[in-house]
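Everything below concerns the one structure shown next.
Every read-out reported here was derived from the displayed coordinates using simple, explicitly stated rules and does not represent laboratory data. All values reported here derive from a predicted model rather than from experimental measurement. Cβ: placed from backbone, ideal geometry, glycine included. Neighbour counts: every protein chain shown.
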Amino acid sequence: MASIAKIHRILELLRHNCRKGMSNKEISKALGIPPSTCYRILAALKKYDYVCRRRPDMRYYLGYAHLRLAESVIEGMDEAAISLPYL
């Protein structure tokens, strides 16, 4: 469970820094976890497209796997459920 909590904290941190991205060092410092642990988690998240590294800065950003998950959530909703909050 501790690993899932770390993953969640990393993803939330990247969500809040989505425009500028973050380096491994910045993430590990912000969350108080060792850089090696942070790197290992980021490597696993990158493998499954939950984070990506963009050139030229090579900082970490949220990946496209989140969009695929969001699309599935939306597909599972009917029009009434989607529009209800706006009525």
Every residue from region 19-34 that is in a loop (DSSP other than H, G, I, E, B) and under 18 Å from S3 (Cα atoms) | G32, I33, P34
Selected residue (criterion: farthest from the chain's Cα centre (by Cα)) from residues of region 35-87 that are among the hydroxyl-bearing types (S, T, Y), outside any loop (DSSP other than H, G, I, E, B) and under 23 Å from S3 (Cβ atoms) | S36
Restricting attention to region 21-51, which residues are touching a residue at least 24 places away in the same chain (Cβ under 8 Å), of a type outside the set (S, T, Y) and closer than 22 Å to R68 by Cα?
-> G21, I41, L42, L45, V51
